[in-house]
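Report on the structure given below.
The values are calculated or read from the model by the stated rules, or taken from the named source; none is laboratory data. Just so we're clear, the structure is a prediction, and the values are computed from it rather than from any experiment. Counting neighbours? That spans all protein chains shown, and the Cβs are built from the backbone with ideal geometry, glycine included. Protein only, heavy atoms only, side chains kept; ligands, DNA and RNA dropped before computing areas. Shrake-Rupley method; radii C 1.70, N 1.55, O 1.52, S 1.80 Å.
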Amino acid sequence: MRKYGFIFSFLVVPVILYAIFVISPYLQAFYISLTNWRGISANPQFIGFENFTRLLGDDVFWAAVRHHAVLLVAMPLITIAIALFFSFLLNVGGGSKSGKMAGVRGSKFYRVVYFFPQVLAVAVVGVLFQAIYRPDNTGVLNGLLELVGLGPVGWLIDTNLALWSIMGVIIWQGVGFYVVLFSAGMAAIPSEVFEAAALDGAGRFRLFFSITLPLIWDTIQVGWVYLGIAAFDAFALVQVLSVDRGGPDNATTVLPLEIWRTAFTFSKFGYASAMGVALFFLTITFAALSLRVTRRERIEV
């Protein structure tokens, strides 16, 4: 009993803090979603599931959900593919040197370069890409297109391109973190495994798909969940980069932006909380399904 009392004394304070600052706000949000609270009245009117019924017929809500679906499929796939490619080059791509597998020349420098966007504030990244995506020939991309005789492209004002343009920024900023994450996983693989495979005649393609990928699968699984949760956010960059905050014509809107707009622009805190509850369950469902679907036997080395 003394042992359990000692453990309990360490756990009680964190559990209390977690209940106050995490569980309690969740419960309050669930309650507010069942009311018509506008942020002023001390006694909001209870309206049951009316807010959730309205969500089912809200075109903007469903547009945001569709955008999250696009982000959820494309962003993790592209980010993980790029990060795995760079990580492999930085850790194994240089071949065997002095009896050990090594990365390409200058790999330490490249690690810093790839990670640099991660340390920039999101607002700074947004302002930077506003200049890059500027719709006239003063924009960096359109200036380059003009040099080769192509007309300017409305990266952020074309409804077909806007979401993909913002997704490109999210990937550019985030890929460095996953390069570091996957590099750490690859560094944990004993070099003897790579050396034995190389002696057996395995090329880089075989080393990657038959050795590296299976042995860092748990790390990839974690990265996939992180990226999926990030796909349910994207608030800051959409707000900074998009036309008219979620435009043009709701082509880039996402649920966190609609929650913010509904609550703090239209003062419909009850309806915004209903959106938040929907976002909560979407995120939890994705995380649970991802961990279930990508589960596989752990390979020990």
>> Given the options P248, P256, name the one that is surrounded by fewer than 19 Cβ atoms within 10 Å (Cβ to Cβ) and of a type outside the set (A, V, I, L, M, F, W, C).
In response: P248
> Which one is modelled with the highest pLDDT among residues in region 222-258 that are among the polar types (S, T, N, Q) and in contact with a Leu (Cβ under 7 Å, 6 or more places away or on another chain)?
Replying inline: T252
>> Any residue in region 269-288 that is in contact (Cβ under 8 Å) with a residue 60 or more places away in the chain and more than 14 Å from L72 (Cβ to Cβ) sitting within a Cβ distance under 8 Å of a residue that is among the basic types (K, R) and part of a helix (DSSP H, G or I)? List the pairs, counting only those 6 or more apart or interchain.
In response: Y271/R54; A274/R54
> From the residues in region 147-178 that are outside any helix (DSSP H, G or I) and open to solvent by less than 30 Å² (accessible area, probe 1.4 Å), which one is modelled with the lowest pLDDT?
Replying inline: G154
> Could you say which residue among F49, F30 is over 30 Å from L161 (Cα atoms) and open to solvent by 100 Å² or more (accessible area, probe 1.4 Å)?
Replying inline: F49
>> Just checking, does region 55-69 include any residue being among the aliphatic types (A, V, I, L, M), open to solvent by 40 Å² or more (accessible area, probe 1.4 Å) and assigned to a loop (DSSP other than H, G, I, E, B)?
In response: no
> Out of curiosity, is Y271 under 18 Å from A83 (Cα atoms) and buried (at least 19 other Cβ atoms within 10 Å of the Cβ)?
Replying inline: no
> Across region 41-53, what is the number of residues that are closer than 15 Å to A263 by Cα and under 34 Å from the mean Cα position of the chain (by Cα)?
Replying inline: 1
> over 30 Å from G176 (Cα atoms), open to solvent by 40 Å² or more (accessible area, probe 1.4 Å), hydrophobic (A, V, I, L, M, F, W, C) and outside any helix (DSSP H, G or I), is that true of W37?
Replying inline: yes
> For region 54-64, which residues satisfy the criterion of being out of contact with any Leu (no Cβ under 9 Å at 6 or more places or on another chain) and either hydroxyl-bearing (S, T, Y) or more than 15 Å from R261 (Cβ to Cβ) (or both)?
Replying inline: R54, L56, G57
> Going through region 131-146 one residue at a time, which ones are of a type in the set (A, V, I, L, M, F, W, C) and open to solvent by 70 Å² or more (accessible area, probe 1.4 Å)?
Replying inline: V140, L144
